[in-house]
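Okay, structure first, notes after.
The values are calculated or read from the model by the stated rules, or taken from the named source; none is laboratory data. None of these values were measured; they are calculated from a predicted model. Neighbour counts run over all protein chains shown; Cβ positions are idealised from the backbone, glycine included.
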Amino acid sequence: MKIKLVPREKVKVSRKSISKYKSLKDALLKLEPGGNALQVKYESEKDLVSYRNIVYSYNRESNQKIKSSADPMKSILFFYVE
């Protein structure tokens, strides 16, 4: 097997990937202080952690304070801005 390193510019990507969390990120833009909360239904603890990580990274990037609260009995996660 022959291995050759090539510059990254020569590698062509034909399709652009879309994050499965794009709808969550778009909805976060609509949150206002004292306004409505965003309700997200999750199926597993892994989903719960993933959603929260997305929001916490969004907080760092945009310097906002979006908080979260979970209802484990109904598997619902709420995001809101105070």
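Just so you know, in region 2-58 the residues that are part of a helix (DSSP H, G or I) and among the aliphatic types (A, V, I, L, M) include one that is surrounded by the most Cβ atoms within 10 Å (Cβ to Cβ), and it is V55. Counting only residues that are assigned to a strand (DSSP E or B) and either surrounded by 12 or more Cβ atoms within 10 Å (Cβ to Cβ) or in contact with a Leu (Cβ under 6 Å, 6 or more places away or on another chain) (or both), region 59-74 holds 4 of them. Contact map, region 26-48: residues that are β-branched (V, I, T) paired with residues that are modelled with pLDDT of 90 or more, Cβ distance under 6 Å, separation 6+ or inter-chain. Pairs shown: V40/Y51; V40/L77. Among the criteria (1) over 22 Å from N63 (Cα atoms); (2) touching a residue at least 24 places away in the same chain (Cβ under 8 Å), the one V13 does not fulfil is (2).
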